[in-house]
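The values are calculated or read from the model by the stated rules, or taken from the named source; none is laboratory data. This is a predicted model, so every value here is computed, not measured. Positions of Cβ are backbone-derived with ideal geometry, glycine not excepted, and every protein chain shown enters the neighbour counts. These area figures cover heavy atoms from the full protein model, side chains too; ligands, DNA and RNA do not enter into them. Shrake-Rupley method; radii C 1.70, N 1.55, O 1.52, S 1.80 Å.
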Amino acid sequence: MVNFGNIWQYLAVQSPLQAAFSGNATTMNVKTYSLPELPYAYDALEPHISGQIMKLHYSGHHQTYVTNLNNALKVHASALSAGDIAAQVALQPVIKFNAGGHINHALFWANLAPAGTPETLFPDAAPTLSAEIDKTWGSFDKFKDAFSKELLGIQGSGWGWLVKAGPSSLRIVTAKDQDPIVGGEVPIFGVDMWEHAYYLQYLNGKAKYVDSIWNVINWKTAESRFQAGHGDFFADLKSLL
């Protein structure tokens with residue numbers, strides 16, 4: 001289960017709500033989040049992900065998470081200022097869902113790149129990560145099979161992630177809905193398994209989507225996240241948000 005306090009840690013170093021007290025008045029300054037700049041054109045990932053999907057996914061779905069998150073944070077700030085604990089508790093699922101949607105998608109766009117670019121060439125773009133994958137699974141093909149199996153095993157909507165679970169250890173995890181990876185693990189790269197990520201192009205052919213997305217994984221970004229310390233990763237994530 002995702003710890004709500006860790007959502008705050010993701011969104012800012014401590015909390016998105018910076019409280020300043022003066023006399024008996026409490027002023028709540030609420031950070032406003034926005035879409036990160038997409039690092040490529042909508043059609044840059046074709047034929048593996050269509051420009052139509054990218055435009056809808058980024059400017060439609062991701063924008064909705066950001067809008068809903070900002071609105072919920074404003075209401076939460078008011079509830080916090082008023083000491084309305086019931087309202088604060090009621091808002092937690094809304095903030096968790098939309099904050100997770102913002103976090104997951106910000107990471108997702110950055111771990112994709114146009115097919116055939118240097119960033120997508122494995123193992124050249126990720127030599128250290130490649131060695132650890134071989135050490136953990138025996139080969140890249142065995143890792144790819146294991147990761148793909150986990151993706152296709154997700155029931156309903158969710159995400160699949162390769163994460164760094166320690167100084168160098170790797171594991172594959174899945175998350176329900178928009179739950180982000182929290183705690184001490186660092187997301188190396190993730191794959192969105194919500195239908196909006198593939199349905200307009202692949203219909204119910206999830207296996208074809210999973211097989212195709214390997215062509216646009218940004219291994220350079222994955223390598224950077226693998227080599228980063230936990231604090232460095234959070235700093236990079238904060239810059240995306």
Looking only at residues in region 133-147 that are in contact with a helix residue (DSSP H, G or I) (Cβ under 7 Å, 6 or more places away or on another chain) and buried (at least 18 other Cβ atoms within 10 Å of the Cβ), which one is nearest to His196 (Cα to Cα)?
-> Phe143
If you check Gln88 against the conditions, is it farther than 30 Å from Leu200 by Cα, in contact with a Phe, Trp or Tyr (Cβ under 7 Å, 6 or more places away or on another chain) and either modelled with pLDDT under 95 or surrounded by 14 or more Cβ atoms within 10 Å (Cβ to Cβ) (or both)?
-> no
Do we have Tyr209 as touching a Lys or Arg at 6+ places or on another chain (Cβ under 7 Å) and either hydroxyl-bearing (Ser, Thr, Tyr) or at pLDDT 95 or above (or both) here?
-> no
Tally of residues being surrounded by fewer than 17 Cβ atoms within 10 Å (Cβ to Cβ) and assigned to a loop (DSSP other than H, G, I, E, B) across region 195-207 = 3
Regarding Gly156, is this residue open to solvent by 50 Å² or more (accessible area, probe 1.4 Å), in a loop (DSSP other than H, G, I, E, B), farther than 18 Å from Leu45 by Cβ and touching a residue at least 24 places away in the same chain (Cβ under 8 Å)?
-> no
Restricting the first residue to region 161-184 and requiring it to be polar (S, T, N, Q), which pairs with a second residue that is in a loop (DSSP other than H, G, I, E, B) meet a Cβ separation below 6 Å and a spacing of at least six or different chains?
-> Thr174/Ile154
Would you check if there is a residue in region 51-58 being of a type in the set (D, E, K, R), at pLDDT 95 or above and in a helix (DSSP H, G or I)?
-> yes
Near pairs, Cβ below 9 angstrom, 6+ apart or cross-chain, from region 56-83 (in contact (Cβ under 8 Å) with a residue 24 or more places away in the chain and over 14 Å from Ala99 (Cβ atoms)) to any residue that is open to solvent by 50 Å² or more (accessible area, probe 1.4 Å) and of a type in the set (D, E, K, R) = Ser78/Asp84
So which of Pro118, Pro127, Pro114, Pro167 is over 22 Å from Gln63 (Cβ atoms) and either surrounded by 15 or more Cβ atoms within 10 Å (Cβ to Cβ) or of a type in the set (S, T, N, Q) (or both)?
-> Pro114
Count, please, the residues in region 119-153 that happen to be small (Gly, Ala, Ser) and assigned to a helix (DSSP H, G or I).
-> 4
Sort out which residues of region 222-233 are open to solvent by 30 Å² or more (accessible area, probe 1.4 Å) and either within 15 Å of the chain's Cα centre (by Cα) or among the polar types (S, T, N, Q) (or both), and write them in order of number.
-> Ser224, Gln227
Could you run through region 184-209 and say how many residues are touching a strand residue (DSSP E or B) at 6+ places or on another chain (Cβ under 7 Å) and more than 18 Å from Glu132 (Cβ to Cβ)?
-> 3
Val210 surrounded by fewer than 22 Cβ atoms within 10 Å (Cβ to Cβ), touching a helix residue (DSSP H, G or I) at 6+ places or on another chain (Cβ under 6 Å) and either in a strand (DSSP E or B) or among the β-branched types (Val, Ile, Thr) (or both) | yes
Quickly run through region 25-74 and pick out the residues that are of a type in the set (Val, Ile, Thr) and surrounded by 18 or more Cβ atoms within 10 Å (Cβ to Cβ).
-> Ile49, Ile53, Val66
